[in-house]
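Read-outs: derived from the displayed coordinates by stated rules, not from any lab. It should be emphasised that the depicted structure is a prediction, and the values quoted were computed from it without experimental measurement. Cβ coordinates were reconstructed from backbone atoms using ideal geometry, including for glycine residues, and neighbour counts include every protein chain displayed.
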Amino acid sequence: MRNHDLVFLKHFSQVIALLVGITIALILLGIYINGLKPPEANPVAEAATLARIQPAGAVFAGATGAAAQAAAAQAAADAAKGQVAYGGSLDGSVIFGNLCTGCHTAGVAKAPKLEKAAWAARIAQGVETLHSHAINGYNGPDGGMMPARGGNPALSDEQVKATVDWMLTQLK
Ligand code: HEC
C-alpha cells in the first residue's frame with residue numbers, strides 16, 4: 001500500500017469510530033431522558049386499586065342523609081330487579097331467543113333441535129318431566145348435557161316452564 005492510502009485509512013477509521021461513539025452517546029442519552037418521565041399508571045391496576053379501597057359503607061345524617069339513604073335503597077332495589085332474568089319475562093320466545101337458542105337451534109352438543117323427530121321420545125316422558133329436566137338439568141342416554149335452567153340460575157321455574165312450553169309449540 002502506498003503511504004497516502006494508509007493515511008486515508010487511518011482518518012477514515014477515526015471518523016467511523018467517532019460516529020460510533022456519537023451513536024452510543026445518543027442511545028444512552030435517550031435511555032436517560034426516557035427514564036426521567038414519570039411512569040404511566042396502568043388503568044386496569046388503577047381501577048382494581050380504586051375498587052379495593054372504596055368505602056364499604058356510608059354515614060347518613062339529617063334530611064339530606066335521609067334522601068341519600070332513600071336513593072341508595074332505590075338503587076339497590078333497581079340492582080336487585082336486574083337479577084331477575086330478562087326482566088321476569090314469561091315470554092318463551094324471548095328467553096329462548098336469548099339463551100336456549102345457543103344450543104337448541106343448531107343442535108350444539110347433542111341438544112335436540114326444534115324438530116318433531118328429535119322430540120317425539122322426549123315428549124313421551126310427559127311435559128312435567130321435560131319441565132323438571134329443563135329446571136334441574138339432564139344428562140340423557142345419548143350423552144348430551146342439558147345445563148340446569150339453560151345455565152342461567154337467575155331464571156325462575158315459571159320462566160323455564162314457559163320456555164319449554166313455547167319450544168314445544170315451535171316443533172317443525
Ligand atoms: C349448553 C347448551 C344448552 C342450552 C343453553 C340449553 N339446552 Fe336444553 N338441552 C341441551 C342438551 C345437550 C339436551 C339433550 C340432553 C340429552 O337428552 O342428552 C337438552 C335437552 C333439553 C330438553 C329435553 C329434556 C328431556 O327430558 O329430553 C328440554 C326441555 C330443554 N333442553 C330445554 C331447554 C331450555 C328451556 C333452555 C333455555 C332456558 C335450554 N334447554 C338451554 C343443551 C342445552
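For (1) under 13 Å from Asp165 (Cβ atoms); (2) in contact with a Cys (Cβ under 9 Å, 6 or more places away or on another chain); (3) surrounded by 15 or more Cβ atoms within 10 Å (Cβ to Cβ); (4) without any contact (Cβ under 8 Å) to a residue 12 or more places away in the chain, each residue gets a yes or a no:
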{"residue": "Val94", "(1), (2), (3), (4)": "no, no, yes, yes"}
{"residue": "Ala106", "(1), (2), (3), (4)": "no, no, no, yes"}
{"residue": "Trp119", "(1), (2), (3), (4)": "yes, no, yes, no"}
{"residue": "Arg122", "(1), (2), (3), (4)": "no, no, yes, yes"}
{"residue": "Leu130", "(1), (2), (3), (4)": "yes, no, yes, no"}
{"residue": "His133", "(1), (2), (3), (4)": "no, no, yes, no"}
{"residue": "Asn136", "(1), (2), (3), (4)": "no, no, no, no"}
{"residue": "Gly140", "(1), (2), (3), (4)": "no, no, no, no"}
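Residues being over 16 Å from Gln159 (Cβ atoms) and either more than 6 Å from the ligand (Cβ to nearest atom) or not charged (D, E, K, R) (or both): count how many of those fall in the range 117-145. Walk me through how you get there before you give the answer.
Step one: of the range 117-145, the residues over 16 Å from Gln159 (Cβ atoms) are 117-126, 128-129, 138-145.
So of that shortlist, the ones also either more than 6 Å from the ligand (Cβ to nearest atom) or not charged (D, E, K, R) (or both) come out as 117-121, 123-126, 128-129, 138-141, 143-145.
Residues meeting the conditions: 18.
Any idea which of (1) of a type outside the set (Lys, Arg); (2) exposed (fewer than 14 other Cβ atoms within 10 Å of the Cβ); (3) farther than 30 Å from Ala58 by Cα is the one Trp166 doesn't satisfy?
It is condition (2) that Trp166 fails.
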